[in-house]
Amino acid sequence: MQKKICCVTGHRDLPQKEINRVKAALRMEVEKALTGCFQRFSELSKIRDFRRKRVYVLTNYNSTHEQDLYRVDILRRMGFDPYVMIYERPTAPPITRHLQRWVNNKRIFRTVEHFADYEPVKKLGRDG
């Protein structure tokens, strides 16, 4: 009797367009799985108050602004309360810091529905 064996070592060279396609497909599958887990948690949990369903969202860690914003929007639509944490904050782009302020300041987050509508305020008194 012959056995079937499957081995994945990662030593196969792929063209760049294939790598990008595989990365995108893998990212979609992971997001789909996580979304399913969050939905399942919401269904089974007795916690109904969105303020008690806080979820940390790590940004600026091998992700784009669009990906970070997508995760925040998905969590918000699912009834969770996102809280943005920035990886290496001093080197983060200003838009990531604006995203953090928009999400973590709950007065702003509840009144300004979309990040595109959010207008960050410049600090006064620094440069004249």
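The values are calculated or read from the model by the stated rules, or taken from the named source; none is laboratory data. Since the structure is predicted, the reported quantities are computational estimates derived from the model, not experimental observations. Here the Cβ positions follow ideal geometry from the backbone for every residue, glycine too, while neighbour counts run over all protein chains shown.
Looking only at the range 57-68, count how many residues are within 15 Å of Phe115 (Cβ to Cβ) and assigned to a strand (DSSP E or B).
The total comes to 2.
Got a sec? Which of Val22, Val57 is β-branched (Val, Ile, Thr), touching a strand residue (DSSP E or B) at 6+ places or on another chain (Cβ under 9 Å) and modelled with pLDDT of 80 or more?
Result of the check over Val22, Val57: Val57.
Looking at the range 43-53, can you tell me whether even one residue there is of a type in the set (Ser, Thr, Tyr) and either assigned to a helix (DSSP H, G or I) or surrounded by fewer than 10 Cβ atoms within 10 Å (Cβ to Cβ) (or both)?
No: the range 43-53 contains no residue that is of a type in the set (Ser, Thr, Tyr) and either assigned to a helix (DSSP H, G or I) or surrounded by fewer than 10 Cβ atoms within 10 Å (Cβ to Cβ) (or both).
Residues of the range 64-89 being touching a Lys or Arg at 6+ places or on another chain (Cβ under 8 Å) and either aromatic (Phe, Trp, Tyr) or more than 16 Å from Thr35 (Cβ to Cβ) (or both), which ones?
Matches in the range 64-89: Phe80, Asp81, Tyr83, Ile86, Arg89.
Can you name the number of the only condition in (1) free of Cβ contacts under 8 Å to residues at least 40 places away in the same chain; (2) surrounded by 10 or more Cβ atoms within 10 Å (Cβ to Cβ) that Arg77 fails?
Every condition holds for Arg77 apart from (2).
Please verify whether Leu58 is crowded, with 16+ Cβ neighbours inside 10 Å, touching a residue at least 24 places away in the same chain (Cβ under 8 Å) and under 28 Å from Ala24 (Cβ atoms), treating the condition exactly as stated.
It is false that Leu58 is crowded, with 16+ Cβ neighbours inside 10 Å, touching a residue at least 24 places away in the same chain (Cβ under 8 Å) and under 28 Å from Ala24 (Cβ atoms).
Checking Glu18 against (1) acidic (Asp, Glu); (2) surrounded by 10 or more Cβ atoms within 10 Å (Cβ to Cβ); (3) within 22 Å of Asp117 (Cβ to Cβ), only one condition comes out false. Which one?
Single failed check for Glu18: (3).
Just to be sure I understand the filter: pairs with C-beta atoms under 6 Å, separated by 6 or more residues or on different chains, first member in the range 116-127 and aromatic (Phe, Trp, Tyr), second member at pLDDT 65 or above. Which pairs pass?
Tyr118/Trp102; Tyr118/Val112
So Arg71 fits all but one of (1) in a helix (DSSP H, G or I); (2) farther than 30 Å from Lys23 by Cβ; what number is the exception?
(2)
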